[in-house]
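Read through the structure below, which is laid out as structure tokens, and then see the notes.
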Amino acid sequence: MVFAMALPSGQMPEFHPTIMSLPVMAIVLVPWILIILIKTLPKGPTIKGVPGSFFDLFCCGAGTKYHFVFGKSAHYFHSLHQSYGNIARFAPGQATTNTLKGLRNIYGAGTGKGSAFLKTSFYKGISRRNIFTASDPVYHATVRKLFGPSMTPGAMQAHGNVILECTQRLHGVINATLEKTRTISLNRLLYCHSVDTVSEVLLGKSLGCLKRGKPYFWTEQLSRIFFWATIREQFAGSGVPTLIKLMLRYLIRKGVRSRAEQARMRLINEQLIAPHNRRDIMVEVMERANTSELDVPEIAENFSAIMLAGFHTTQNALCATIYFVLTHPEANARLVAELQAAFASPDDVSGHVAEGLPYLNAVITESLRLYPPVPLGGPRVSPGAYVDGTYIPAGTEICTSLFALHHNPEYFNEPYEFIPERWTEPGSTDKKEAVQPFLVGSRSCVAKYFAKQMMQLTLASFFMEYEAEYVGPVKDWQRESRCYAFWEVPDLKLKLQRRQY
Ligand code: HEM
């Protein structure tokens, strides 16, 4: 009423929500941001004498938090190494290294008490105790002993034909689509292929995502779980994780995570009692189970963890390799020539020939170098030890950024270029051991040979079957990918045509 009288027109003044809300925002948000900053000040031991950016060291790791949240952590860590050298801090008590020696010091340190660099609490935020999340070396060794023998190169050979059948199903779906259009985005199809193949080899049952035309909601959960685990880790103690948890649980998607877990465990428990018509990995593991200290629910939990770890990683690697080959016409021509000299037709592709093809394996390794599916390497707690000549105090965190290691100019000529020849030319001076996309040591990828075989067979069959052209918008695959533990892969849009044999 007072306002109305003050205005000549006698109307009420307009309500400007932005002007009105600014003081409110200031009153509510500024103290909250201050509390977050104070709460996220480092509480544990700090690393001294290792450089890092001002924002990270004196503003509660603000630079790192920003880049994590916006999916740019891999590039950010690389830029820290470019600015501050081979060991750089990204928070007062956390450091990253980009050297081979650093990698070996951290991940190859063994499992002995007091000498091992154990997994950090970050992994506990991902799921229950299993092969991937456990930090206890004794428990971890028990699980590796049970599953490891079924994933050696020799053991994996028995699954080559199953992987090829999965690849044929992928081609069946692509060919059906080609009857309607020549332009196809392969991201989702390759994701479904990865899910179906991993579940088929591991559990003896394909999840049928390709047939269904889309993945199940629970197969796609992992990247989100990793994202929130990262946020939790970055903002630990500030109240942000609790707020997010409450929002997720009560406001947005009640119980999604537990439904995902139930769906996954139901599948595994069904397969544990179902008859199997071939010797898949589950059959082999359950034959050994009576010699293991793990009970059946724990074995089931580990099947779940191993299966999930295989979905995004292999899809990331397959998409990137196809992109790099197709955007490098000479590499494409060389690869196709090698494949056509080795196989008479796509149906002729076989595991034992594909594993010996130098150029095929060179394009795979070069893609894994440029675009490691796990770009940061896992965070570890220092036992109090030297990493590449620098003392990292006990209780502080250290990791090797695989993306930065793979782009380290000390090891690679033209580190940003896709040059498969660096793996085939005897005169190449590049340091080959510096490419370790599966990590090294006791916590390296248990399914390394599975992943390699799947890539060899899927890619050999694909390039034999199709003449392809990349027609998507992406000019720089790495820059245009977001990274949250794995990559969020850009659009792999291709124009495809079946080859005639
Ligand atoms: C190109 C594909 C793949 C790459 C580059 C890759 C890379 C890695 C890396 C870097 C780690 C260590 C992660 C850490 O310490 O935080 C890891 C661990 C692991 N990976 Fe893979 N992976 C791939 C495919 C797969 C597949 C297909 C599976 C399963 C079918 C799998 C299962 C696992 C498991 C269970 C672990 C934990 C091993 C342990 O701690 O003993 N990975 N992988």
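Are there any pairs with C-beta distances below 9 angstrom linking a residue in region 154-165 that is under 12 Å from SER350 (Cα atoms) to a residue that is among the aromatic types (Phe, Trp, Tyr) and in a helix (DSSP H, G or I), with the two at least 6 apart or on different chains, and if so which?
HIS159/PHE450; ILE163/PHE450
Under the condition of being surrounded by 20 or more Cβ atoms within 10 Å (Cβ to Cβ) and more than 30 Å from LEU118 (Cβ to Cβ), which residue from region 420-439 is farthest from the ligand (Cβ to nearest atom)?
Going through the qualifying residues, I end up with ARG422.
Given (1) at pLDDT 95 or above; (2) away from the ligand (no atom under 15 Å from the Cβ), where does ARG232 come up short, assuming only one miss?
Exception for ARG232: condition (1).
Read through the list (1) without any contact (Cβ under 8 Å) to a residue 40 or more places away in the chain; (2) within 15 Å of the ligand (Cβ to nearest atom), then give the number of the only condition that ASP347 fails.
(2)
For ALA289, are the conditions met, namely being surrounded by 22 or more Cβ atoms within 10 Å (Cβ to Cβ) and part of a helix (DSSP H, G or I)?
no
Tally the residues that are within 19 Å of LEU170 (Cα to Cα) and either touching a Ser or Thr at 6+ places or on another chain (Cβ under 6 Å) or surrounded by 15 or more Cβ atoms within 10 Å (Cβ to Cβ) (or both), restricting the search to region 209-219.
5
Please specify each residue of region 359-402 satisfying the condition of being within 11 Å of the ligand (Cβ to nearest atom) and of a type in the set (Phe, Trp, Tyr).
Selection gives TYR371 alone.
Given PHE418, PHE438, PHE412, which one is in a loop (DSSP other than H, G, I, E, B) and in contact with a Cys (Cβ under 6 Å, 6 or more places away or on another chain)?
Sole residue among the options that is in a loop (DSSP other than H, G, I, E, B) and in contact with a Cys (Cβ under 6 Å, 6 or more places away or on another chain): PHE438.
Among the residues of region 292-335, which ones are surrounded by fewer than 18 Cβ atoms within 10 Å (Cβ to Cβ), within 22 Å of LEU492 (Cα to Cα) and not acidic (Asp, Glu)?
THR327, PRO329, ALA333
Within region 379-411, work out how many residues are surrounded by fewer than 24 Cβ atoms within 10 Å (Cβ to Cβ) and closer than 29 Å to VAL325 by Cβ.
6
What's the number of the condition CYS192 fails, among (1) part of a helix (DSSP H, G or I); (2) in contact with a helix residue (DSSP H, G or I) (Cβ under 6 Å, 6 or more places away or on another chain); (3) in contact (Cβ under 8 Å) with a residue 24 or more places away in the chain?
Status for CYS192: all satisfied but (3).
Looking only at region 305-326, count how many residues are more than 10 Å from the ligand (Cβ to nearest atom) and at pLDDT below 95.
Final tally of qualifying residues: 0.
Out of (1) touching a His at 6+ places or on another chain (Cβ under 8 Å); (2) surrounded by fewer than 23 Cβ atoms within 10 Å (Cβ to Cβ), what's the single condition that is false for ASN105?
(1)
Counting residues that are under 23 Å from the mean Cα position of the chain (by Cα) and either more than 30 Å from HIS407 (Cβ to Cβ) or hydroxyl-bearing (Ser, Thr, Tyr) (or both), which helices (runs of 4 or more DSSP H) fully inside region 70-182 reach at least 2?
73-84, 137-147, 160-178
Could you list all residues from region 440-495 that are within 8 Å of the ligand (Cβ to nearest atom) and either acidic (Asp, Glu) or in contact with a strand residue (DSSP E or B) (Cβ under 8 Å, 6 or more places away or on another chain) (or both)?
If the condition is that a residue be within 8 Å of the ligand (Cβ to nearest atom) and either acidic (Asp, Glu) or in contact with a strand residue (DSSP E or B) (Cβ under 8 Å, 6 or more places away or on another chain) (or both), then ARG443 is the only one that fits.
Just one of ALA141, ALA176 is among the small types (Gly, Ala, Ser), more than 30 Å from GLY61 (Cα to Cα), in contact with a Ser or Thr (Cβ under 9 Å, 6 or more places away or on another chain) and surrounded by fewer than 16 Cβ atoms within 10 Å (Cβ to Cβ); which is it?
Going through ALA141, ALA176 in turn, just one is among the small types (Gly, Ala, Ser), more than 30 Å from GLY61 (Cα to Cα), in contact with a Ser or Thr (Cβ under 9 Å, 6 or more places away or on another chain) and surrounded by fewer than 16 Cβ atoms within 10 Å (Cβ to Cβ): ALA141.
If the Cβ limit is 6 Å and pairs must be 6+ apart or interchain, which residue in region 423-437 that is free of Cβ contacts under 8 Å to residues at least 24 places away in the same chain pairs with which residue that is basic (Lys, Arg)?
Between residues of region 423-437 that are free of Cβ contacts under 8 Å to residues at least 24 places away in the same chain and residues that are basic (Lys, Arg), the close pairs are SER428/ARG422; ASP430/ARG422.
A quick yes/no check of all residues on (1) within 19 Å of SER444 (Cβ to Cβ); (2) of a type in the set (Asp, Glu); (3) free of Cβ contacts under 8 Å to residues at least 60 places away in the same chain:
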position	(1), (2), (3)
GLU355	no, yes, no
LEU360	no, no, no
ILE364	yes, no, no
PRO373	yes, no, no
GLY377	yes, no, no
PRO393	no, no, no
THR396	no, no, no
LEU405	yes, no, no
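Determine the pairs where a residue that is within 20 Å of GLU220 (Cα to Cα), located within region 259-278, has a partner that is hydrophobic (A, V, I, L, M, F, W, C) and surrounded by fewer than 16 Cβ atoms within 10 Å (Cβ to Cβ) with Cβ atoms under 7 Å apart, the partner being 6 or more residues away or on another chain.
Between residues of region 259-278 that are within 20 Å of GLU220 (Cα to Cα) and residues that are hydrophobic (A, V, I, L, M, F, W, C) and surrounded by fewer than 16 Cβ atoms within 10 Å (Cβ to Cβ), the close pairs are ALA260/PHE217.
Can you name every residue in region 434-460 that is closer than 23 Å to TYR411 by Cα, more than 15 Å from the chain's Cα centre (by Cα) and small (Gly, Ala, Ser)?
Residues satisfying the conditions are ALA434, GLY441.
The values are calculated or read from the model by the stated rules, or taken from the named source; none is laboratory data. Computed from a predicted structure; not experimentally measured. Here the Cβ is made from the backbone with ideal geometry for all residues, glycine too, and neighbour counts use every protein chain on show.
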